[in-house]
1. Please compute, for the alpha-carbon atoms of region 405-517, the extent along each of the three principal axes and give them in descending order in Å.
2. Taking amide H positions as placed 1.01 Å from N in the peptide plane, with prolines and chain starts having none, which residues 5 or more places from F369, or on another chain, fall under 5 Å of its amide H?
3. Keeping every protein chain in place, order I444, I495, I231 by accessible area at 1.4 Å, biggest value first, i.e. largest first.
4. Just the number, please: carbon plus sulfur as a percent of the accessible area of the chain, 1.4 Å probe, no ligands or DNA/RNA counted.
5. Tell me the Kirkwood radius of region 134-187: reciprocal of the mean inverse pair distance over distinct alpha-carbon atoms, in Å.
6. Please calculate the 1.4 Å probe accessible area of I420, with all protein chains present, and give it to the nearest 10 Å².
7. Using label points projected 7 Å from each Cα along Cα→Cβ, tell me how many nm separate E98 and N434, to one decimal.
8. Relative contact order of region 172-260, please, whole-number percent, based on alpha carbon pairs below 8 angstrom and at least 6 residues apart.
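The values are calculated or read from the model by the stated rules, or taken from the named source; none is laboratory data. Bear in mind that the values here come from a model prediction, so they are computed numbers and not experimental data. Methodologically, a virtual Cβ is constructed for each residue, glycine included, from the backbone with ideal geometry; neighbour enumeration extends over all protein chains shown. Calculation scope for accessible area: heavy atoms of the full protein, side chains included, ligands and nucleic acids excluded. Shrake-Rupley method; radii C 1.70, N 1.55, O 1.52, S 1.80 Å.
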Amino acid sequence: MASVEILTEASLLAPGFRQMDLRTLDMLKLLQTAGLNENETIISAGNESKTCLLDSFFPETVGTAVTPLLAWGCLVLMGTFVAKSPLRSLSLQRSWQELTTGRQSRLNMLDCFRVIAILWVMMNHTGSEGRVDILDRLPSAETFKHNVHTHPIFGALLGNSALGVEVFLVLSGMLGARSWLRNAEDDFWSHYRSFIGRRILRLFPSIAFFVYLAAGPIMKAVLPRYTSTMISDCGLQGLLSHLTFTGNWQSTPTCMGYLWYLGLDMQLHLALPFLLHLLVSNKVRGLAVIFATIATSCVLRAAHCSIYGVCNKSDVDIPFISYPDSDPIEILKAYEGLWDMYARPYTKCGPFLVGVLLGYATVYIKAEFSPRFSSTLFTASALTCVGVIYAILPEYWYPEMSTNLYNLSYTATFRTIFSIGICGMIAALYWRKNSVQVSPLWSILARLTFSVYLLHMPIVYIFNHLPYLQTAHGAVELLVVLPFVSILSFFAAIIFYLFIESPIGNLSNQCAKQLGL
């Protein structure tokens, strides 16, 4: 029988047990004294009611779960092969054309940033959920994390791989601002309803379809470890949090925690029009409010890391955070603090707002950079990003140094400074006299990134069964596996895009027009 200390720490850190309190710890000790099996008791007590409630909203068997999927597939095929069908908007040819049609715009280079960002995110998750010992918090996980940290080249790149999220936030803020500003002179509330309504109609159906697929018996039969780790503690409330775009407000990321970004992004878009309306009507006041909000967000990050004692854990990536020989309650507090600092809009809005400012500038500022100046700005901005990534190294070198000035300052500002560097690179390319030509392949891959984001985690769980990854000693082996995870994820995303995202998107556009959005 495992000791109470070992069991408790593993339970607190595992996705389904991060809300365990002192009473549960006392119960565990009593259970050990009574000679009971702690694992079975915890699972039974903590998950039974949630599982029953969740099962009541999903088909009981794989066969019944597959039936509506087959029905939808038949509708798509009818729209594809039946001439003059009213279902032509679901056609695979139409979806394929949307996926592969080239775009002629100065913003084409954003596709490169988007694809690199999703690859970075997949790298992060392959190093965490892809490793069984990390999921189960086994001793070998400590060796793996240590080797990753100490790699002279890839250590910081992997440890700061969560910065891929900041790239998405910058792009989201920039494109959201440009979208709103196209009709900034319209009546505010009608424009607001259209802006938010169209976004919800575009995202919600694909998310709902994925939740149905991931939380039902199909995924349980195909990838039981994914279900036991990501779904077993969901309950109806956890799933609804993603369907209502509030997943980032879960107390801890227990239910498909990687989908937290969907809620954050939607909440920032809900606030975006108010900031842009102020910026258009009064530029000085609007800029002052945005800059003050960015600064406040940095201050709140500093306050959070000080209160929770995690200023030396700025990366916030589960596979690369370690609290050896720590009290389990303190570990739980640290993880709650990290999650609070990582997923809430008031501590995460800085990069988004930096992107908003760039989007505003691209609409109202007409400029033309010489190739030399553009190259200089791009290089300086890229070096800024690289500097921010590797500036985490002192935290790795001196892990016992918690709230010193360096760690406090870095944790407070590194995400925003990195985002400024990303914006500098985009600005250098956008205002370059001779626009940068981008291969159409980047556009195709970029259009798939939303589907990849939804689907890549189940793909990562396939690699739980790959001995090479499970016995990896450090960063290099992880990077070797990444191309295979990426290829499978993009392949799955193509199918999802052609049969789900694009057809449903076309129906959503029709619905938006009928609703006057």
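1. 55, 43, 33
2. R432, K433
3. Numbers: I444 45, I495 85, I231 5 Å².
Sorted by accessible area, descending: I495, I444, I231.
4. Numbers: 15190 of 22950 Å².
Its accessible area is 66 percent carbon and sulfur atoms.
5. On the way: mean 1/r = 0.0692 Å⁻¹.
One decimal place: 14.5 Å for the Kirkwood radius.
6. 100
7. Rounded to a tenth, the inter-label distance reads 3.6 nm.
8. Working: 48 pairs, mean separation 16.5, N = 89.
The value is 19 percent.
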